[in-house]
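Following: one structure in structure tokens, then a few remarks.
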Amino acid sequence: MASVDLTSIPLLDKKHSGVPSDYLEQAKGSKARLYSNKTLPASVPRDEEVPVLPPDVTREIFDAAIAELKRKLGEENVELNDKPLVDGWYLEHPNTHDAFHVVPQSDLVSSATVYPGSTDEVVQIVRWANDYLIPIYPISMGRNLGYGGAAPRVRGSVVVDLGRRMNKVLKIDGSNATCMVEPGVSYFKLHEEVQKTGYDLWVDVPDVAGGSVLGNAIDRGVGYTPYGDHFTNHCGLEVVLPSGEVLRTGMGALPGKDGADNPSWQAFQNPYGPTPDGIFSQSNFGIVTKMGMWLMPATGHQSYMITFPRDDDFEQIIEIIRPLALNRILGNIPQLRSVIQELAVTGKPKSFFYDGKDPMPREVVRSHAKNMPCGDISWAFYGTVYGNKETRDMQLEIIKREFGKVAGARFILPEEMPPEHYIHSRVNVCSGTPELRELDWLNWQPNAAHLFFAPITPTRGEDARVIHEIVSRLHKKWGFDNFSTLCIAGREMHWIANIVYDRADEDSKRRAVGLMREMIEEAAKNGFGEYRTHLLFADQVARTYGWNNQALMRFNETIKDALDPNGILAPGRAGIWPRRFRGKGWEILEEDEWRNSSLPKVDGSSK
Ligand code: EUG
């Protein structure tokens, strides 16, 4: 068991990535639980020459380049990645590698980290990278966990940690309900700053609030209020292009009076002519240094939970959801969570419930669920209605009536559940209040890490069944419990299958990769694709969007080569490789070794 230091958790008033003081006790609890389930040492000595060099750069050139960067940015703003790699945990996460390594820890590492303090310094870094042909990899805060964290795709890239020094809420327009943030502003921070203005506005938060508001939006992440689609609710970007040119999108392109920011920048998303913002999301075409975002006027809200006992009613549940979602009776992005999540989000490890290493048998899940507040269920639907009480009650009546058609459906209000039940965390998330609670399912495995498989399906029973079948069958085949959460935006659902694996267990990592690769492949064969993926699977996923002989990828490559002729900005991100790297073996495609690797036995061990 690893020792745990509960005094090292950073506070938000000391560090941009820290936690507000009123969340400290909760954070301590989460950390203590995680470390009680940890057998790996904090770090191991590195067995290669460090820092790891970028491709095609000699140590001599690298050293000269770093010296130059230190002259430009200041000695204290450039840090070599030459120390042991520490995975840490959510609130003390690394910016040197992927904390949730699914391949050897040292595979996805940087050579150094640089900390710009302004857009102008980002420009200087970009120019420097072009001078030395050193790939740079921008992160906002580096909490893209389950999707690669802070790690660069190309080993030895220099990570540009934007958030450490560029972490201001630049504007809050309380009357028009907008804000503008830098990359280092977390949901915790924005929420706090909005509260201070006295305006009654909500910040849409994702499940865990430590991430970057800007980073999450440009990675097209999701939250759970009516403003849950983060990219759709952004308004205006400032972007440093790989050439060093600085661009403002939308109304920001039109200079305000006497050099001021345009007054409509956060009110209207488009400029005259093509709207470029989309190409800066999930891309490597520019570094976003400022982002406008809409805030939601606070409103009345009522969260609820509906449980469904039978596995076989899955399609009927989805069919009931669709018209409710389309007609905005479901006011937000509700979640439909599989029963195993009810067990896991208590923070208790799998071993508390079950001795085996194989996926927990349905009867065992059932035997525990039936003694829990949720009861013996297959799915739990977490929804929220908004508006004044009269409106909410009318909506709830329809919701109860419709879901009531499913045999055994049970409608539950938060006050009917014990105070420690997860529903109270949903109440917060669905009304713009930051949360940490979602960290707790990570305790499921020792040394736990997670990977998200995140396909999109229409909100339709027969389509959702295809993904359900693929996810269930392949989780069994590769030996993982099926943690599925469906985030229902309206016409479509983000299906999040969360693979929780043990970082100390090589076989568990190998199986997690195999499971991902095979799910991506099978989903694509059936016409389904991922909305987002871990950087190791980016090539495979990007190529599933291959209609008309990879027309989309060829279009992306055309843009990439035009904007970044030297290929310095995040090569390989989203599967987009600049000309300098293309076709030289960097792409990781589906024909790799997983296909022939041995499958686990029923008990989860390998042969
Ligand atoms: C979740 C949701 C996501 C995502 C990763 C995780 C939720 C986990 C809808 O997007 O990308 C409970």
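Peptides 164-170, 10-16, 474-480 ordered by packing proxy, namely the average of other Cβ atoms within 10 Å per residue, highest first: 474-480, 164-170, 10-16. The length gained on full extension between N270 and V103, counted as 0.36 nm times the residue separation minus their Cα-Cα distance, comes to 56.0 nm. What is the distance, in nm, between label points placed 7 Å from the Cα along the Cα-to-Cβ direction at W547 and at S8? Going by the 7 Å Cα→Cβ label model, 4.9 nm. Spin-label model, Y199/K584: points 7 Å from Cα along the beta carbon direction are separated by 4.8 nm. Stretching S367 away from T433 to a fully extended chain increases their span by 20.4 nm, per 0.36 nm per residue minus the current alpha-carbon distance.
Peptides 439-449, 30-40 ranked from most to least packed give 439-449, 30-40, packing being the mean of other C-beta atoms within 10 angstrom over each peptide's residues.
Just report the Cα centroid separation between the range 105-172 and the range 389-412, whole Å. Going from one Cα centre to the other spans 47 Å. Here the calculated FRET efficiency for T391 and A504, from their Cβ-Cβ distance with R0 = 56 Å, stands at 0.65, rounded to the nearest 0.05. As a check on your grasp of the helix formula, calculate [θ] at 222 nm for the chain: sum -39500 (n - 2.57) over DSSP H runs of n ≥ 4, divide by the residue count, round to the nearest 500. Rounded to the nearest 500, the figure is -9000 deg cm²/dmol.
Taking other residues whose beta carbon is less than 12 angstrom from the beta carbon of A253, and scoring Lys, Arg as +1 and Asp, Glu as -1, yields -2. In the chain, if the dipole is taken from +1 on Lys/Arg beta carbons and -1 on Asp/Glu beta carbons about the Cα centre, which of M394, V86, Q195 is farthest to the positive end? Going by the charge dipole, the pick is M394.
Counting Lys and Arg as +1 and Asp and Glu as -1 over every other residue whose Cβ lies under 14 Å from the Cβ of S140, the net charge comes to +4. When W547, W495 are arranged by Cβ crowding within 10 Å, least crowded first, meaning fewest neighbours, the order is W547, W495. Each of S21, S175 was scored by other Cβ atoms within 10 Å of its Cβ. Listed from fewest to most, they are S175, S21.
Rounded to the nearest 5, the antiparallel percentage of DSSP beta bridges internal to the chain is 85%. Over the chain, Cα pairs under 8 Å with separation of 6+ residues give a relative contact order of 14 percent. Residues whose amide H comes within less than 5 Å of that of N566, counting only those at least five positions distant or on another chain, are absent (H built at 1.01 Å from N in the peptide plane). Mean sequence separation of contacting Cα pairs (under 8 Å, at least six apart), scaled by the length of the range 49-161, corresponds to a relative contact order of 33 percent. G228 sits among other residues whose Cβ lies under 12 Å from its own Cβ, and their net charge, with Lys and Arg +1 and Asp and Glu -1, is -2.
Computed from the Cβ-Cβ distance with R0 of 56 Å, the FRET efficiency linking D311 to I559 stands at 0.80.
A Cβ-based charge dipole, computed about the Cα centre of the chain with Lys and Arg at +1 and Asp and Glu at -1, lands at about 500 debye.
Under 5 Å from the amide H of M417 lies no amide H of any residue 5 or more positions distant or on a separate chain, with H modelled from the backbone and absent for Pro and chain starts.
Once you sort the root eigenvalues of the Cα gyration tensor of the range 169-297 as a ≥ b ≥ c, which label holds: rounded (a/c under 1.5), prolate (a/b larger than b/c) or oblate (the other case)? Since a/c reaches 1.5 but b/c is at least a/b, the shape of the range 169-297 is classed as oblate. Ranking of R322, R517, R401 by neighbouring Cβ atoms within 10 Å, starting from the fewest: R401, R322, R517. Based on Cα contacts under 8 Å between residues 6+ apart, the range 169-297 shows a relative contact order of 30 percent. Around the amide H of T289, modelled in the peptide plane, lie the amide H atoms of E238, V239, V240, all under 5 Å away and 5 or more residues distant in sequence or on another chain.
Every number here is computed from the coordinates shown, using simple stated rules; none is lab data. This is a predicted model, so every value here is computed, not measured. So basically every Cβ, Gly included, is an ideal-geometry build from the backbone, and we count neighbours across all protein chains shown.
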